[in-house]
Amino acid sequence: MDKIKLDIIGLSYSQTQSGAYALVLAESGGKRRLPIIIGGFEAQAIAIELEKMTPTRPLTHDLFKSLAQTFSIQLKEVVIYNLQEGIFFAKLVCEKDGVYSDIDARTSDAIALAVRFDCPIYTFESILSSAGILSDEFLDEEDEIEIADSDDNEFSKMTKSELEEQLQSAIEQEDYELASRIRDEIKKRGA
């Protein structure tokens, strides 16, 4: 079976499940999207890396990466290989000294590691044909990664230095969702 490469194109609050997020993967060079519902902590772990934030202490996925690098283990790819009763199954394809191993993982954890190792994410036609959605049914091509709906009024009255102070405070308190929204507001102002 040929693998199909996927790219992360979106991460936002789930409209269907409270407290959950929708991670949207796109078929590389195609129009199909693969939406995956994930938890808040997993969404935060992915968002932190996508936004290039540095937590004050390493998160679990950062720890895994450090451990793997310490022992010369490379994460070569992530493969979403199955879908059963609405649950996606993924594996980490790792290599050490020319020996490859597959490690079963939750899809959200596998993707959080893929962004840290900068490795490709793949799936198979059977998964995309059963769970994929055409892009015009879900997201437009121009859609950017959106971590959360930001309330413009919340930050609109703050100065740039106040926003930067709030950003630092949010990072120190490990509130990466808030930090992401503040960073988006700073970017929006062209800072």
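The values are calculated or read from the model by the stated rules, or taken from the named source; none is laboratory data. Because the structure is a prediction, the values reported are computed rather than measured. Cβ: placed from backbone, ideal geometry, glycine included. Neighbour counts: every protein chain shown. Quick note on the areas: whole protein, heavy atoms, side chains included, nothing else; ligands and nucleic acids left out. Shrake-Rupley method; radii C 1.70, N 1.55, O 1.52, S 1.80 Å.
Structural remarks
- The chain, dipole about Cα centre (Lys/Arg Cβ +1, Asp/Glu Cβ -1), debye to the nearest 20: 520 debye
- Helical content alone sets the calculated 222 nm signal of the chain at -11500 deg cm²/dmol, taking -39,500 (n - 2.57) per DSSP H segment of four or more residues and averaging over every residue.
- Degrees, to the nearest 10: 40-50 long Cα axis against longest axis of the chain: 80 degrees
- Ligands, DNA and RNA left out, the accessible area of the chain computed with a 1.4 Å probe is 48% carbon and sulfur.
- Degrees between helix 107-117 axis and first principal axis of the chain (Cα, 0 to 90, nearest 10): 80 degrees
- Springs between Cα atoms under 10 Å define the GNM used for the chain, and in it the highest mean-square fluctuation of F88, F41, F64 occurs at F64.
- Entry comment: accessible area of the range 20-80 is 47 Å² per residue, from protein heavy atoms only and a probe of 1.4 Å.
- In the chain, the longest principal axis of the Cα atoms and the axis of helix 176-188 are about 70 degrees apart.
- Which listed pairs, of K5/K96; K65/K96; K3/K96, have C-alpha distances above 19 Å, in listed order: K5/K96; K3/K96
- Residues whose placed amide H lies under 5 Å from that of Y81, excluding near-sequence neighbours: F89, A90, K91
- Among Q173, Q69, Q84, residue whose mean-square fluctuation peaks in a GNM of the chain (springs only between Cα atoms under 10 Å): Q84
- Averaging 1/r over each pair of different alpha-carbon atoms in the chain and inverting the result gives 17.8 Å, the Kirkwood hydrodynamic radius.
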